[in-house]
Amino acid sequence: MSTRTAPMRINPGRFVVFATLAFAVCFYGIPLLWLFIAGTRSESSLLTQSPFALGDWDSFARTWTNLTTYNNFQILTWTVNSLIYVVGGVLLSLIACIPAGYALAASEFPGRRLVLIFTLIAMITPSTAVVLPIFLELNMLGLSNTYAGLILASGFFPFGVYLTYVYFSTSLPKGVMDSARVDGANRFQLFSRIALPLARPIIALVAFFSFLGIWSNYFLAFVLLSDDKLYNLPVGLTALVSGSGALSNLPSNDVPIKKPEVVLAAILVVLPVLLIFMAAQRFVRSGMLSGAEKG
Amino acid sequence: MVEARISYPPPLTLWDRINPVRMIGELSETRYWMYLLLIPSALLITAVVIYPTLYGMQMSFREMRLNRPDLGTGWVGLKHYQRMLTDPIFWVSLRNTAVWVTSAIALEFLIGLIAALALNRNLPGSKVLAVLILLPYFLPNVVAGHMWALMLDPRLGVINDLLVKIGWLEGYKAWFADPSTAMAAAIVVEAWHSFPFFTLLILAGLKGIPSDLYKAADIDGAGPFAQLRLITLPMLKTIIAAAVILRVIGLVNSPDLLLILTSGGPGRSTQVLSLYAFQTAYKDFNFGYAGALSVVMFILLMGFAWAYVRLSKVNED
């Protein structure tokens, strides 16, 4: 914590600080507030009433029915798909990250520096540069337009390797591990019995970040999936918008997806993220700060 | 070495030799146990980073048009790269990429710095504010994009409404339909979405500056701006550089937001390299040329990646 404390009176400095924070909160709060309010309103209310007029329960219920029943409950399929991608991808990234981070932190071995550098390079490899070859690779393996294909492509999270490495290099109890070794534990028992139980916070952090990346994944999913039954929510949302013309202000058509439905779909995409972020913000912030200080 | 005490282990059966559990147990007692733990990530990194990168590079030297199988997939040498030199769209995209990346990052850095300095004062409520400020960074790109598309909408847009009310605008404006405002509007959306990244990193850096420096500066009579210029910014140099490099890489890489907001239009006014490569592949089905564009981007970014690796000092520990 900073040790600089401002005196408790109104001075220009404090005013500037408060003004800045107030601005930042408006800058964020107003758009988000608008988004959530807009979900409760009808199309005509959006067009004619003031931007922050509250809708009513009836129009919200109608919007909800329009959205969920559209195209044979399509949005529910996409939600289930998103869940499948997230669970598969997060598991895969944990299986890859945690042991690798442990190996890097717990031992010196030939090639260790190389692995670390590779991890950093993988962290920053341009996704657009690899997305076309990945598309062709998955085609070749017969995995294009499958759940497994997108899970494989999105399940590697090099930043997680790095976070785990940073975490283990400061938190492994060398003494306990040495005595366990003397007592005859092999290396993998050390990993599974001592390191893994200790690693709960970092497992949660890596899972959180990879959840976030995969849940919000748009570009990769957009490129790799062409079957709309396999879309995840972000791609589905975009398909909904462009397919219904809800945002293009064309003369009205009979597709029931209008602006309120689009807003509601957007809320559906964002709500799990917000809830999980709220639940996890404490350790996420401290975890990110420690990562930032180290790197 | 005591010769008389050598005892021979029982001969291995075939199952013993190939039993994976036994092999892992044995390997775990050798010097090379750590490589086993690296296998899952090594396989994945090969499948989704190394192989695709190399494949993309060789693709850029080949003819590869999915809609013209008659042309085959023979080697064409530097043909794609030569075409790039005289391709006006490539140069427009390169210029747009530069504008997009530098202005968005400058804006994000400025807002991020101010917010971090404000949060660092530890005023009542600043913890709650820190969480609130961080939150939108975790909004999916797609949602941020559609939300702003709605808010900047020429008919129902909240932003238009506000600007008209305070008298900055004569009438509602279609921000993304006008080539002269589309890029600026997209940059505002991007800055809105990503400045917390800077806030977070700068805040972490601020906590690490010894307060003695500020006390000494106070005694010497240095004002807040002099302190910012002479103490805070120089002490944060490394963290700012790292944040800028990571954002450059992120922005050059991800066409998501522009894909949703404008698809590069109107005209070519928001066409950036990543978008151009993507459209070359999926609209023109010219994977060879798209590969060459990606390689150029890759090389540009590797410069930044190299700078980042140097900064984070991996090669020193």
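The values are calculated or read from the model by the stated rules, or taken from the named source; none is laboratory data. As the structure is a computational prediction, the values presented were derived from the model and not from experiment. When we count neighbours, we look across all protein chains shown, and the Cβ atoms used for this are built from the backbone with ideal geometry, even at glycine.
A few points about this structure:
- Of the residues A:Leu120, A:Leu76, A:Leu83, the single one that is out of contact with any strand residue (DSSP E or B) (no Cβ under 6 Å at 6 or more places or on another chain) and within 12 Å of chain B (Cβ to nearest Cβ) is A:Leu120.
- Entirely in segment A:88-163, the helices (runs of 4 or more DSSP H) that have 1 or more residues that are in contact (Cβ under 8 Å) with a residue 40 or more places away in the chain and under 17 Å from the mean Cα position of the chain (by Cα): A:127-140, A:147-154
- Among residues of segment B:108-129 that are under 13 Å from B:Leu236 (Cβ atoms) and more than 7 Å from every other protein chain (Cβ to nearest Cβ), those with a Cβ under 7 angstrom from a residue that is buried (at least 22 other Cβ atoms within 10 Å of the Cβ) and among the aliphatic types (A, V, I, L, M), sequence gap 6+ or separate chain, pair up as B:Gly112/B:Ile202; B:Leu113/B:Ile202; B:Ala116/B:Ile202; B:Ala116/B:Leu203.
- Taking the criterion of being closer than 14 Å to A:Gly236 by Cα and not hydroxyl-bearing (Ser, Thr, Tyr), the residues of segment A:73-92 that qualify are A:Phe73, A:Gln74, A:Ile75, A:Leu76, A:Trp78, A:Val80, A:Asn81, A:Leu83.
- Helices (runs of 4 or more DSSP H) fully within segment B:177-288 counting 3 or more residues that are farther than 30 Å from B:Arg155 by Cα and among the hydrophobic types (A, V, I, L, M, F, W, C): B:179-207, B:211-219, B:237-253, B:273-282
- Taken over segment A:96-117, residues that are farther than 20 Å from A:Thr170 by Cβ and either more than 7 Å from chain B (Cβ to nearest Cβ) or basic (Lys, Arg) (or both) amount to 3.
- Residue ID - nearest to B:Ala204 (Cα to Cα), chosen from residues in segment B:241-267 that are within 12 Å of chain A (Cβ to nearest Cβ) and of a type in the set (Val, Ile, Thr): B:Ile245
- Test result for B:Leu200, within 20 Å of the chain's Cα centre (by Cα), of a type outside the set (Val, Ile, Thr) and closer than 24 Å to A:Gly29 by Cβ: yes
- Candidates A:Ser154, A:Ser171, filtered to the one that is surrounded by fewer than 24 Cβ atoms within 10 Å (Cβ to Cβ), of a type in the set (Ser, Thr, Tyr) and farther than 22 Å from B:Leu66 by Cβ: A:Ser171
- Leading residue by the ranking (farthest from A:Met140 (Cα to Cα)) among those in segment A:224-243 that are more than 10 Å from chain B (Cβ to nearest Cβ) and assigned to a helix (DSSP H, G or I): A:Gly243
- Scanning segment A:164-191 for residues that are closer than 20 Å to B:Ala42 by Cβ and either without any contact (Cβ under 8 Å) to a residue 24 or more places away in the chain or in contact with a strand residue (DSSP E or B) (Cβ under 8 Å, 6 or more places away or on another chain) (or both) yields A:Arg187, A:Phe188.
- The number of residues in segment B:135-184 being more than 7 Å from chain A (Cβ to nearest Cβ), over 23 Å from B:Ser263 (Cβ atoms) and within 23 Å of the chain's Cα centre (by Cα) comes to 1.
- Close pairs (6 angstrom Cβ cut-off, 6 or more residues apart or separate chains): at the interface with chain A (Cβ under 9 Å from one of its Cβ atoms) in segment B:202-215, hydroxyl-bearing (Ser, Thr, Tyr) anywhere: B:Ser211/A:Thr3
- Condition check for B:Ile209: of a type in the set (Val, Ile, Thr) and surrounded by fewer than 21 Cβ atoms within 10 Å (Cβ to Cβ): yes
- Criterion (in contact with a helix residue (DSSP H, G or I) (Cβ under 8 Å, 6 or more places away or on another chain), aliphatic (A, V, I, L, M) and under 23 Å from B:Ala130 (Cα atoms)) met by exactly one of B:Ile239, B:Ile249: B:Ile239
- Annotation note: Cβ proximity below 6 Å between a residue of segment A:30-52 that is at pLDDT below 75 and a residue that is among the charged types (D, E, K, R) (sequence gap 6+ or interchain) occurs for A:Glu43/A:Lys258; A:Glu43/A:Lys259; A:Leu46/A:Lys259; A:Pro51/B:Asp161.
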